[in-house]
Amino acid sequence: MFSRRRFFSVLIFSFSILPHTTGAAPDFQVVPYNNPELVVDLGVGLWALPLPMDYDGDGDNDLVVSTRNKTSPGLFYFENKEGVVPFPIFEAPVRLDDPQRNVTLGDDGKEPMVFSPGNAFRNFREKQFGDPIAIPFEPEFHTGRANQWNLFDFDGDGDRDLIVGASDWREYGWDDAFDSEGNWTTGPLHAFVYLMKNNGTDDSPDYAKAAKIKAGGEPIDVYGMPSPNFGDWDGDGDYDLICGEFLDRFTYFKNIGSRTEPEYARGVFLQSGGEDLRMDLEMIRVEAIDWDMDTDLDLIVGDEDGRVALVENTGELDDGRPMFNQPRYFQQKAGDLKCGALSTPFGIDWDSDGDQDLICGDTAGYINFIENLGGGDSPKWMKPARLLAGGETIRIQAGPNGSIQGPAEAKWGYTAPTVIDWNHDGLLDIVANSIWGKVVWYENEGTQSAAKLNPAQPIQVEWEGETPKPKWFWWNPTGKELVTQWRTTPFVIDLNEDGLNDLVMLDQEGYLAFFEREKKADGDYILKHPHRIFEDEEGNSLRLNERDAGGSGRRKITMVDWDLDGDLDILINSKNIDFFRNISEDGGYRFKNEGLVAERILAGHTTCPTVVDWDGNGIPDLLVGAEDGYFYHLTNPHKEK
């Protein structure tokens, strides 16, 4: 029998002697922390839209957060039981309602009021989205993905006007528009703020034709997602404007007019500590509120990965611009295990203590260690810890031109790790792909129980001819480095059982390829030129993605004897996970897609499979990282007789 470590690092058939059985498959179950004393980052699934308010009416601020992700959508309530303190630890979330699109926060002078496109919800604390009031206006302008409505007395005449923040991404195009020098050749993302003046009353509104609000004589145009918030940020009695964006910054527009005749100066980025104030991730949503009740307006900001941060107003001005502290991410009592968004777990005993931990990538480009504290088939978990390499936090990001889908994805990394003893020195290393399509590895020079990773090194291949790359990449590989399709799993396994770890992953054209490992006479290990040894049901080379550019790659796989019949199958991302059954009769690799392994839908974007054996029965079970950042466990339906 193979050792426990070897089994879970290379997934060889240590349980292949078990017979194939059939039966109704169980469904996916979300994995809890099982650690009630633990405090973790407050979060919901993909896309956090925060609604800070005193939801329970007890005099302190709570958090309500909406998320429309595919896997775990909802409107969630995080109760503050600690009172009026700047940074409470919130209770685990309670689901209140189904979500609405593009919700924003306002008030009617007495109560929190929530808005969605075309609707106001005045009785929100009691009925959430159950009592909508239609806002009588039909936009004639393009709204796009961000369509953020609110009612605000813009000109101080006593009646609330309609404000809409709207995105316009049509000029951007979103895919494959870099020239050979890495310059984006189409336009930026746009986002405008529209005013519809109320010529009626609050009870009987009559909204005028839409007009873009201007600053410095030009329409306000922030990058892709405006999140407009009006407030007297400089304390001079009129209302200024702060906007967010699709990326990570905030723009301040000072009102140089008056309360009744607003006029805005050209926007400047908010700063903290002498640098532009930035969020950790992107796709930010911003709401202004006096969170700490010190009479100035703070910012509550939701990130793409579901976390929510306090950006505290210091109360100080710098050349008339309000100053803020760095973002501080709210904390909650641990509920369900979560790691960023579009999580990419790999099950492995990372710290050599006898149980299977998780090494996990995410959209933000981190690689995280989630420690299993024991508990058998229902483990107790620590919160994710970001791994270091060379003493620095591992974070791979696209930057301005590393994503084929353009500079709007600058903060994303989409790390996809595999854990293996890559250099055969007895220590577990990490091999990872990312948004770049560059496959790298992090050498462990620590110990079996305390890893210490070196900076990333490129995985190199002994290519036969010119070093290949996806044809749509504007940049070229360096030397022999492996550059392939983005956001795909570099799955490492001793496929030919010669004692050397090989690599299986998509090649530059989307075919599943075998990169065989070889040990040279001088002791060095090389990867040989890949071969397409995997076949579909009809005997053709197995192509897992035939799309180009932004639609390419994106395949997350693991290889394991899932049906326990003695040969390797493939589990691959889909609406949950598809089972590619190995139907070869000669020890080869021919696969038939048997479809979804269970009924529960886990993806609007993607999933990532790995296998675990928490119950210790020698049968691989499935763990899936979903787009919402949570983990879903499926007991293998194929059981020993």
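The values are calculated or read from the model by the stated rules, or taken from the named source; none is laboratory data. No experiment lies behind these values; they were computed from the predicted model shown. All Cβ positions, glycine included, derive from the backbone under ideal geometry; neighbour counts span all protein chains shown. For the accessible areas, the whole protein counts, side chains as well, though only heavy atoms, and no ligand, DNA or RNA atoms are used. Shrake-Rupley method; radii C 1.70, N 1.55, O 1.52, S 1.80 Å.
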(request) Using DSSP to define loop residues, name the GluC sites (Glu not before Pro) in the range 383-490 whose beta-carbon has at most 13 other beta-carbon atoms within 10 Å. (result) Glu445, Glu464, Glu466
(message) Using the Kirkwood radius over C-alpha pairs as Rh, can you work out the diffusion coefficient of the range 517-641 via Stokes-Einstein at 25 °C, viscosity 0.890 mPa s, in µm² per second?
(response) 151 µm²/s
(message) Let me spell out the model: positive unit charges on the Cβ of Lys and Arg, negative unit charges on the Cβ of Asp and Glu, origin at the Cα centre of the chain. What dipole size does that give, in debye rounded to 20?
(response) 1240 debye
(request) Could you work out the Rg to Rh ratio of the range 145-199, with Rh taken as the Kirkwood radius (inverse of the mean 1/r over all Cα pairs)? (result) 1.27
(message) Report the Rg/Rh value for the range 271-407, based on alpha-carbon coordinates and the Kirkwood definition of Rh.
(response) 1.05
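Counting only heavy atoms of protein chains, what accessible area per residue, in Å², does the range 466-531 have with a probe of 1.4 Å?
Values: 2570 Å² over 66 residues.
Spelled out: the 1.4 Å probe surface of the range 466-531, per residue, equals 39 Å².
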(message) Can you find, among Ala603, Phe230, Ala288, the residue sitting farthest towards the positive end of the charge dipole of the chain, where Lys and Arg contribute +1 and Asp and Glu -1 at Cβ?
(response) Ala603
(message) From the P(r) of the range 146-254, could you give the percentage of C-alpha pairs in the tail past 21 Å?
(response) 43 percent
(request) Using per-residue counts of other Cβ atoms within 10 Å, averaged over each peptide, order 449-456, 158-165, 42-49 from highest down. (result) 42-49, 158-165, 449-456
(request) Counting only DSSP beta bridges with both residues in the range 511-622, tell me the antiparallel percent, nearest 5. (result) 95 percent
(message) At 1.4 Å probe size, with the rest of the protein present, what percent of the exposed accessible area of the chain is carbon and sulfur atoms?
(response) 45 percent
(request) Counting helices only, and only those DSSP H runs with n ≥ 4, report the 222 nm mean residue ellipticity of the chain as the sum of -39,500 (n - 2.57) divided by its residues, in deg cm²/dmol to the nearest 500. (result) -500 deg cm²/dmol
(request) Sticking with the crude label model, points 7 Å out along Cα→Cβ, report the distance from Thr185 to Asn454 in nm, one decimal please. (result) 4.0 nm
(request) For an R0 of 41 angstrom, estimate the FRET efficiency from the Cβ-Cβ distance between Asp107 and Ala385 and round to the nearest 0.05. (result) 0.55
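Under unit Cβ charges (Lys, Arg +1; Asp, Glu -1), what dipole magnitude, rounded to 20 debye, does the range 127-283 have relative to its Cα centre?
Working: 13 positive and 32 negative charges, 30 e Å.
Result for the range 127-283 is approximately 140 debye, rounded to the nearest 20.
On a full-extension model of 0.36 nm per residue, what is the gain between Asp58 and Glu464, subtracting their alpha-carbon distance, rounded to one decimal in nm?
Numbers: separation 406, 0.36 × 406 = 146.16 nm, distance 7.03 nm.
Once the chain is fully extended between Asp58 and Glu464, it gains 139.1 nm.
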(request) Once you have the Cα-Cα distance between Asp206 and Thr314, take 0.36 nm times their residue separation minus that, and quote the gain in nm to one decimal. (result) 35.0 nm
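In Å², what does the accessible area per residue of the range 547-610 work out to with a 1.4 Å probe?
Details: 2340 Å² over 64 residues.
Ligands and nucleic acids excluded, the figure is 37 Å² per residue.
Which percent, nearest 5, of DSSP beta bridges in the chain are antiparallel?
Numbers: 136 of 142 bridges.
Of all bridge pairs located within the chain, approximately 95 percent are antiparallel.
Where does each of 499-509, 420-430 land if you order them by average Cβ count within 10 Å, highest first? Kindly include the intermediate steps, with their values, before the conclusion.
Numbers: 499-509: 21.2, 420-430: 18.7.
Taking the mean over residues of other Cβ atoms within 10 Å, the ranking is 499-509, 420-430.
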(request) Could you list the residues of the range 350-385 with an amide nitrogen less than 18 Å from a label point located 7 Å from the Cα of Asn617 in the Cα-to-C-beta direction? (result) 356, 375-379
(message) Ordering Arg517, Arg145 by accessible area with a probe of 1.4 Å, largest first, what comes out?
(response) Arg145, Arg517
(message) As an exercise, identify the GluC sites (Glu not before Pro) in the range 554-641 lying in DSSP coil whose Cβ has no more than 16 other Cβ atoms within 10 Å.
(response) Glu585, Glu599, Glu640
(request) Work from the charge dipole of the chain (Cβ charges, +1 for Lys and Arg, -1 for Asp and Glu, about the Cα centre) and give the residue of Gly335, Ala208, Val64 farthest towards its positive end. (result) Gly335
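Two decimals, Cα atoms only, Kirkwood Rh: what is Rg/Rh over the range 30-140? Before the final figure, lay out the partial values.
Working: Rg = 15.0 Å, Rh = 15.1 Å.
Result for the range 30-140 is an Rg/Rh of 1.00.
Direction-averaged shadow area of the convex hull around the Cα atoms of the range 75-131, nm²?
Numbers: hull surface 18.9 nm².
Across all orientations, the range 75-131 yields a mean hull projection of 4.7 nm².
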(request) Take the eigenvalues of the Cα gyration tensor for the range 211-281, scale each by 5, and report the square roots as semi-axes in whole Å, largest first. (result) 21, 15, 10
(request) Report the trypsin sites (Lys or Arg not before Pro) located in the range 44-119 that are in a DSSP loop and have at most 11 other Cβ atoms inside 10 Å of their Cβ, or state none. (result) Lys110
(request) Could you size up the charge dipole of the range 375-437 around its Cα centre, putting +1 on the beta carbon of Lys and Arg and -1 on that of Asp and Glu, and report it in debye to the nearest 20? (result) 360 debye
(request) Go ahead and run the numbers for FRET between Lys127 and Val39, Cβ-Cβ distance against an R0 of 25 Å, rounding to 0.05. (result) 0.20
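With the alpha-carbon atoms as the only input, what is the per residue convex hull volume for the range 522-592 in Å³?
On the way: hull volume 10.8 nm³, N = 71.
It is 153 Å³ per residue.
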(request) Evaluate 2.2 N^0.38 Å with N set to the residue count of the range 257-326, then give the Cα radius of gyration divided by it. (result) 1.21
(message) With the alpha-carbon atoms as the only input, what is the per residue convex hull volume for the range 364-498 in Å³?
(response) 151 Å³
(request) Could you run the Debye sum over the Cα atoms of the range 424-525, one equal point scatterer each and no solvent, and tell me log10 of I(q)/I(0) at q = 0.12, 0.16 Å⁻¹, two decimals? (result) -0.42, -0.75
(request) Could you tell me which of Tyr239, Gln128, Asn573 has its Cα farthest along the dipole of the chain towards the positive end, charges placed at Cβ (Lys, Arg +1; Asp, Glu -1), taken about the Cα centre? (result) Asn573
(message) Over the range 379-454, with the other protein chains present, what is the accessible area per residue in square angstrom, probe 1.4 angstrom?
(response) 33 Å²
